[in-house]
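Bear in mind these aren't lab numbers, they're just calculated from the coordinates by the rules spelled out. Keep in mind the model is a prediction, meaning the values are calculated, not measured. Note that we place each Cβ from the backbone using ideal geometry, even for glycine, and neighbour counts take in every protein chain shown.
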Amino acid sequence: MAFGQQGETASDLAARYLPELIRLDSTNPPGNESRVARYLKQVADREGIPAELLGNDPERLNFVARLKGTGKQRPLLLIAHSDVVPADRSQWSVDPLAAIEKNGYIYGRGAEDDKQLLAAELAVMVDLHRRKVVLDRDIILLSESDEEAGSLGALWMVEHAWTKIDAEFALNEYSYILPTSSGVPVFQIQTAEKVPTRFKMTARGTAGHGSLPREDNPVEHLARAIYRLSQADEPVKLNATTRAYLAAMGKLPDYAWVAPLVARLEDPATASRTADEIRKRDPEIHAMLRTTVSATMLSAGTKINVIPNVAEAQLDGRRLPTETREEVFERFRKIIDDPAVTIEATSSQQPSTEPSSLTSPLYRAMEKVFHEAAPNAVVVPFLMRGTTDGAYLRAKGMAVYGVPLFRKDGELRMHGNDERISLENLRAGTELLGKIVMEVAK
């Protein structure tokens, strides 16, 4: 039975809200997330749900709503950011801001990241309010700005309005239900995130004519530095989340090859070679095991026959949550081993945090709901190779979980072309969310 009252269900609401949210252009940059915040406020006002807009930039406001419970237990926070990344219209088959429905799918920027979750969370909150469900916890909904860039919305809320969102734990992006060829669905609960460690490498030399090769050519020094970093084996470090993930996945027929490798990952003498083996089989699992680096931007020279003074590269590092930025940069410098090349951080210091608990009432509630939905399901904790605003909440002591509501339907298209979600997937995920909220808060 669908989660909702007779008539319009929470799933119906989500199916109505998502196209409306996609059509609100909140592309970051520049953001303009207040368009989404004002829409959410209008819905809340119409339903009689207390809500407010908060922030220091009138064009980039955060939205916060609260359903009051009895107060017997601390609140549950639902999070979904309001901004989306840019979309290149020339590479899409449809208008990315039109929310076109085609063959059972809703197409649009934000359909997988993160307006589908925002639509589901808003729908569940509205449904609970309409049905006058009495809960032991307050339910708070936060839709923050700027998650896709500098996390300005989350940082502002933590610094200036923490009491508005303080909760025992939170449900957040990023996770999904992984289908397997054996028919066993894997519900991956994101309990930890790798930490963005973006940096600039600069090589300096002496300008000269391209017809006379130079030993101090900064382009060549930079190229060697990038190559050395890309080929270096970063240390393998497991934590509670990755150990539990590997142990559970190794029991599945699709991932039986993982089981004999786990012990070798724990042995320093074999860990690096074993991680390299895993990288060839499954890059996603490999990314959970060690810090990674990808060169993404290059800048050097102004004329083809002139050796430049300077060459620069931007690199996207993702470090394990147990490592600090300083120790990672020191390791990179030793790998590069070139005094002509310097490393400089280009992003603010995001906190390193411990994984969220695998035994909290919310984690247990998710396990129960997922096993009821699919008795043969495997429920596992998951280390995200990317990052979300959840890191700032974890740093304040809140347990934050990326909730796997939606099935991975082919290749993930978030941040890509023709981003989409099926209506069936959206509806099923919204029902799951409603059941989780009821299980942990009733």
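The table that follows gives values for the structure above.
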quantity: Estimated distance in nm for a label pair at Gln42 and Thr180, the labels positioned 7 Å out from Cα along Cα-to-Cβ; calculated: 4.6 nm
quantity: Mean separation of Cα contacts under 8 Å, 6 or more apart, over the residue count of the chain: relative contact order %; calculated: 25 percent
quantity: Neighbour net charge for Arg130 - beta-carbon separation under 10 angstrom, K R +1, D E -1; calculated: -1
quantity: Relative contact order (percent, whole number), region 288-409, Cα cutoff 8 Å, 6+ residue spacing; calculated: 21 percent
quantity: Principal axis dimensions, largest first and in whole angstrom, of region 235-290 by Cα; calculated: 27, 24, 18
quantity: DSSP-loop GluC sites (Glu not before Pro) across region 39-84, with at most 13 other Cβ within 10 angstrom; calculated: Glu59
quantity: Folded to 0 to 90 degrees: helix 240-249 orientation relative to the chain principal axis, Cα; calculated: 80 degrees
quantity: Helix axis angle, 423-441 relative to the chain longest principal axis, alpha carbon, degrees; calculated: 70 degrees
quantity: Principal-axis tilt of helix 361-373 within the chain, Cα atoms, nearest 10 degrees; calculated: 80 degrees
quantity: Normalised contact order of region 235-290, rounded percent, pairs of Cα under 8 Å and 6 or more residues apart; calculated: 36 percent
quantity: Residue-span extension gain [Asp337 to Tyr227] - 0.36 nm each, minus C-alpha spacing; calculated: 38.4 nm
quantity: Asp138 long-range amide H proximity, modeled H, under 5 Å; calculated: Gly69, Gly71, Leu76
quantity: Total formal charge among the other residues, if their Cβ is under 13 angstrom from that of Thr241, Lys/Arg +1 and Asp/Glu -1; calculated: +3
quantity: Inter-label distance for Glu101 and Arg131, nm, one decimal - labels placed 7 Å from Cα along Cα-to-Cβ; calculated: 2.3 nm
quantity: Residue-count net charge about Gly55 - beta-carbon cut-off 10 Å; Lys, Arg +1, Asp, Glu -1; calculated: -4
quantity: FRET efficiency estimate (nearest 0.05) - Cβ-Cβ, Met297 to Leu212, R0 30 angstrom; calculated: 0.60
quantity: Residue-by-residue Karplus 3J(HN,Hα) for region 284-289, coefficients 6.51, -1.76, 1.60, Hz, glycine and proline x; calculated: 5, 5, 4, 5, 7, 8
quantity: Amide H partners (placed H, <5 Å) of Ile307, local residues excluded; calculated: Gly208, His209, Gly210
quantity: Sequence-distant residues sharing a close amide H with Tyr176 (under 5 Å, placed H); calculated: Gln188
quantity: Whole-Hz ³J(HN,Hα) from phi, Karplus 6.51 cos²θ - 1.76 cosθ + 1.60, for region 204-215, glycine and proline x; calculated: 10, x, 10, 5, x, 6, x, 6, 10, x, 10, 5
quantity: Ranked Leu61, Leu122, criterion: other C-beta atoms within 10 Å, fewest first; calculated: Leu61, Leu122
quantity: Proximal lysines to Lys237, defined as alpha-carbon separation beneath 21 angstrom and excluding residues fewer than eight positions away on the same chain; calculated: Lys194, Lys280, Lys334
quantity: Extension gain, Ser272 back to His415 (0.36 nm per residue minus Cα-Cα distance, nm); calculated: 48.4 nm
quantity: Glu424 paired with Lys200, simple spin-label distance in nm, labels 7 Å along Cα-to-beta-carbon; calculated: 5.0 nm
quantity: Efficiency of FRET from Cβ geometry, Asp12 and Arg279, R₀ 35 Å, rounded to 0.05; calculated: 0.20
quantity: Segments 411-424, 202-215 sorted - mean Cβ within 10 Å per residue, highest first; calculated: 411-424, 202-215
quantity: Which listed pairs, of Lys200/Lys396; Lys41/Lys68; Lys115/Lys442; Lys72/Lys396; Lys132/Lys442, have C-alpha distances above 24 Å, in listed order; calculated: Lys200/Lys396; Lys115/Lys442
